Amino acid sequence: MTILAQARRLIVKIGSSLLVDETSGHVRRTWLDSLCADLAACRARGQEVLVVSSGAVAVGRRQLGLTPPLRLEEKQAAAACGQIRLAHAYQEALAQHSLTVAQVLLTLDDSEDRRRYLNARNTLETLLRLGAVPVINENDTVATAEIRVGDNDRLAARVAQMVSADALVLFSDIDGLYTADPRKHADARFIPEVRELTPEIEAMAGDPGSAYGSGGMVTKLTAARICLSAGCRMAITKGETLHPLKAIEDGGRCTWFIPGSEPRTARKQWIFGSMKPAGILVLDDGAARALAAGRSLLPAGVVEVSGEFGRGDCVLVKTRDGRVLGRGLVAYSAADSRAILGRKSGEIEAVLGFRGRDELIHRDDLVMEG
């Protein structure tokens, strides 16, 4: 089985030059149809798929008669005009395979701020659970230079981290990583697999000011670093051919970046090692045993809440005698947690006036000590 076929959750990133005809400004429908046929084949064998797609500005600026270089407000206007056309193209292409498309627009803050991060992640998880194909783009309509992710390679990697994806494919105009820019150096050697981003590997990206470096291999290696830390495999490959995913599975050239841990393990390591706890939840003995058995933390098992924290913040989980059991990302604020402690999950809506998660901390968001 290929690396691509092994992925339970797969993300595909598409650049503007692949998707939009440079002369006409129209979506390349034949190419998009072939990609969507590949995505449908992935879905048919039980894989979940997400798409990170550029192209809104490229489509919209021609519709509005704008010529580069665009000012920020012109780029935002072009994105607003082009995004609806782009979403419609994906909708039509995926509908041929009876697949539902969902448009999701993100900014850098959505991946940096914990509450917005959780909201975005929960939305994507729900869409996948309901069988939709999320098509994600940076929200150029409202983003400013200060908060932009800056390129969709990094956005795709952030999304992979957000949803614990197993594999990310970056479709590019180059078929992988070389020891130097192959368009300038005839002796550049192709690198089929990378397991660690060493200084030598990073040097292969070239000068950040060059075409190979800026917006090219440098940003792809930045994306690779994010993916490797999240336990997600990442491929760089050419995307111009029809059925580009099938081409990879048929042995097409690409560079795979292979992490040393699975997505969930890497994410839990990140929670444990990188987040400062904002509060404490004290558990009864039954809840402590449930967590030790790998279950989620329900409000019924909490006897005390201390600290001031918001939804999505990291909190410590302790026993009555003060022993630290672990830490996790809490699904309710401190005030709401105090209101529902000791209650059954079925009572949450009646107490708080809204229906949230059944768990105070889901087991996927919980890291146990030891």
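The values are calculated or read from the model by the stated rules, or taken from the named source; none is laboratory data. Quick caveat, the model's predicted, so the values are computed rather than measured. Every residue, glycine among them, receives a Cβ derived from its backbone with ideal geometry; neighbour counts consider all protein chains shown.
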Filter result (outside any loop (DSSP other than H, G, I, E, B) and over 28 Å from the mean Cα position of the chain (by Cα)) within the stretch 308-333 = Lys318, Val324, Leu325
Listed residues Gly209, Gly213; which is at pLDDT below 90, within 17 Å of Ile174 (Cα to Cα) and surrounded by fewer than 21 Cβ atoms within 10 Å (Cβ to Cβ)?
-> Gly213
Within the stretch 163-198, of all residues that are among the aromatic types (Phe, Trp, Tyr) and in contact (Cβ under 8 Å) with a residue 40 or more places away in the chain, the one farthest from Ala5 (Cα to Cα) is Phe190
Check the stretch 131-154 and report whether any residue there is at pLDDT 95 or above and assigned to a loop (DSSP other than H, G, I, E, B).
-> yes
From the list Gly15, Gly25, Gly46, Gly55, which residue is among the small types (Gly, Ala, Ser) and farther than 30 Å from Asp250 by Cβ?
-> Gly25
Output the strands (runs of 3 or more DSSP E) that fall wholly within the stretch 165-263 and possess 2 or more residues being of a type in the set (Lys, Arg), or say none.
-> 233-238
Per the filter on the stretch 169-194, residues of a type in the set (S, T, N, Q) and either within 18 Å of Gly251 (Cβ to Cβ) or crowded, with 20+ Cβ neighbours inside 10 Å (or both) are Ser172
From the option list Leu118, Leu128, Leu105, Leu124, single residue qualifying as modelled with pLDDT under 90 and within 30 Å of Ala331 (Cβ to Cβ) is Leu118
Residue that is farthest from the chain's Cα centre (by Cα), among those in the stretch 340-356 that are surrounded by fewer than 16 Cβ atoms within 10 Å (Cβ to Cβ) and among the basic types (Lys, Arg) | Lys344
